[in-house]
Amino acid sequence: MPITWRPATWNDIEPGLSIQPKYRGDALVGVQAALEAWKQVIRDRFFTSGVFESSSLPRSHRMVGFGASQLVSSAFADAELADPRPDINSRVMASIHSGRSVLATPLEVARTNSGDGVNVLILCGTWRHEILSPTDLQDTQNLSVSGFVEVHAGYRIRRILQETAAEPEKSFLRRSIEFRLVAEFPEAGRELFLMTRDSVQGLPGSVGNILFRFREPALRLRDSDQQLLMAALRGATDQELASGLGFTLSAVKARWRSTIARVEETMPDLVRDVVNHEGRGAQKRHRVLDYVRSHPEELRPFDWAKKDLA
């Protein structure tokens with residue numbers, strides 16, 4: 001059956017977690033509080049997700065897989081690896097519920113992305129293996145991997161952690177040559193896996209080599225520039241950008257001019273040869289979008305002040 005991928009919305013969270021409720025993270029705070037915490041996570045800038053659907057199934061049963069990840073603080077990742085315990089998601093959701101969130105802040109992401117690297121926690125990666133043929137399951141898993149790579153490429157990644165809570169996911173990671181098993185929790189039925197730059201060294205064709213490949217950004221884009229370009233890459237028109245960013249249409253056009261001027265200042269060759277005529281603005285936009293599409297590091301937070309002081 002054909003499988004497609006799209007980002008999750010809030011309405012997808014409960015159906016997605018129902019595939020494997022052990023990923024809900026409700027052990028410490030209860031189901032309702034955990035779901036409220038998920039509601040905060042999905043609004044976080046560094047939350048990424050994937051819903052995998054088959055159009056050949058009835059609408060109410062189209063979701064055949066669900067995945068979600070989040071950037072977490074270095075302190076949290078350090079503590080989890082120093083003292084591995086089962087049910088890592090519950091500690092994440094409890095931290096949010098208590099107001100002492102372990103999610104990485106924009107400032108920490110910028111600093112670690114320009115330093116020793118960000119920490120990625122895979123909160124969930126699960127599939128309806130009982131209704132998928134072996135071929136369909138393989139296709140869904142491959143789509144999960146490619147989607148994960150797409151949304152994380154461009155970061156300087158330090159570590160990727162994932163706790164599995166169901167046999168299909170455990171088998172999937174056990175077969176992986178990139179993840180290594182860190183800890184087993186037989187009584188809880190869970191296992192903790194880790195991927196680092198070292199674990200993918202010398203593995204030709206490994207997706208880890210893409211994830212851990214980092215190029216320092218060159219455009220020095222501001223946060224506002226990055227927001228504009230990320231929305232434009234998703235296909236948003238200027239009117240849709242205005243609505244999504246809460247601006248007037250004229251303000252969006254002004255932001256485009258500011259972003260293009262920033263590019264002209266930092267990388268003039270990128271748009272220097274655009275012909276000087278009425279459509280040159282659109283040509284410059286396309287040129288910049290083509291560039292950042294193949295250079296995702298330009299759209300990731302980066303602490304230039306820290307870099308310049310180094």
Which one of these is acidic (Asp, Glu) and in contact with a Leu (Cβ under 9 Å, 6 or more places away or on another chain): 78, 83, 87?
87
Among the acidic types (Asp, Glu) and at pLDDT below 95 - does that describe any residue in segment 75-87?
no
For a quick check of your reading of the model, give me the residue pairs whose first member lies in segment 245-264 and is open to solvent by 50 Å² or more (accessible area, probe 1.4 Å) and aliphatic (A, V, I, L, M), whose second is in a helix (DSSP H, G or I) and at pLDDT 90 or above, with beta-carbon atoms closer than 8 Å and at least 6 apart or on different chains.
none
Single unsatisfied condition, residue 109 versus (1) closer than 26 Å to residue 173 by Cα; (2) at pLDDT 95 or above; (3) in contact with a Phe, Trp or Tyr (Cβ under 9 Å, 6 or more places away or on another chain); (4) open to solvent by less than 10 Å² (accessible area, probe 1.4 Å)
(1)
Would you confirm whether any residue within segment 119-131 is surrounded by fewer than 21 Cβ atoms within 10 Å (Cβ to Cβ) and polar (S, T, N, Q)?
no
Among the residues listed as 71, 103, the single one being modelled with pLDDT of 95 or more, crowded, with 24+ Cβ neighbours inside 10 Å and within 24 Å of residue 222 (Cβ to Cβ)
71
Within segment 265-285, the count of residues that are open to solvent by 40 Å² or more (accessible area, probe 1.4 Å), at pLDDT below 90 and outside any loop (DSSP other than H, G, I, E, B) comes to 6
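Determine whether segment 63-83 contains at least one residue that is part of a loop (DSSP other than H, G, I, E, B), over 21 Å from residue 127 (Cβ atoms) and hydrophobic (A, V, I, L, M, F, W, C). Spell out the reasoning first.
Step one: filter segment 63-83 for residues part of a loop (DSSP other than H, G, I, E, B), giving 73, 83.
Keeping just the survivors that are over 21 Å from residue 127 (Cβ atoms) gives 73, 83.
With hydrophobic (A, V, I, L, M, F, W, C) added as a condition, the list becomes none.
Scanning segment 63-83 turns up no residue that is part of a loop (DSSP other than H, G, I, E, B), over 21 Å from residue 127 (Cβ atoms) and hydrophobic (A, V, I, L, M, F, W, C).
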Those residues of segment 147-185 which are modelled with pLDDT of 90 or more and of a type in the set (Phe, Trp, Tyr) amount to 148, 155, 179, 185
Cβ contacts < 7 Å: first residue under 9 Å from residue 20 (Cβ atoms) and without any contact (Cβ under 8 Å) to a residue 12 or more places away in the chain, restricted to segment 160-172; second residue surrounded by fewer than 22 Cβ atoms within 10 Å (Cβ to Cβ) and not aromatic (Phe, Trp, Tyr), any location; separation 6+ or different chain. Result?
none
Condition first: among the acidic types (Asp, Glu) and touching a Lys or Arg at 6+ places or on another chain (Cβ under 8 Å). Can you find one or more residues in segment 223-238 that meet it?
yes
What's the number of the only condition in (1) surrounded by fewer than 21 Cβ atoms within 10 Å (Cβ to Cβ); (2) modelled with pLDDT under 95 that residue 144 fails to meet?
(1)
Between 145, 182, 149, which is touching a Phe, Trp or Tyr at 6+ places or on another chain (Cβ under 7 Å) and not aromatic (Phe, Trp, Tyr)?
182
So which residues in segment 5-56 are of a type in the set (S, T, N, Q) and over 19 Å from the mean Cα position of the chain (by Cα), if there are any at all?
18, 20, 32, 54, 55, 56
Can you say whether residue 139 is in a helix (DSSP H, G or I), without any contact (Cβ under 8 Å) to a residue 12 or more places away in the chain and open to solvent by 60 Å² or more (accessible area, probe 1.4 Å), as far as the supplied structure shows?
no
Could you please let me know if residue 50 is open to solvent by less than 70 Å² (accessible area, probe 1.4 Å), in contact (Cβ under 8 Å) with a residue 40 or more places away in the chain, assigned to a loop (DSSP other than H, G, I, E, B) and of a type in the set (Gly, Ala, Ser)?
no
When you go through 16, 25 one by one, which is the residue that is assigned to a loop (DSSP other than H, G, I, E, B), touching a Phe, Trp or Tyr at 6+ places or on another chain (Cβ under 9 Å) and either among the small types (Gly, Ala, Ser) or modelled with pLDDT under 95 (or both)?
25
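The values are calculated or read from the model by the stated rules, or taken from the named source; none is laboratory data. Since the model is a prediction, treat every value here as computed from it, not as a measurement. Reconstructed Cβ throughout: ideal geometry from the backbone, glycine too, with neighbour counts over all protein chains shown. Note: areas computed on protein heavy atoms with side chains; ligands, DNA, RNA excluded. Shrake-Rupley method; radii C 1.70, N 1.55, O 1.52, S 1.80 Å.
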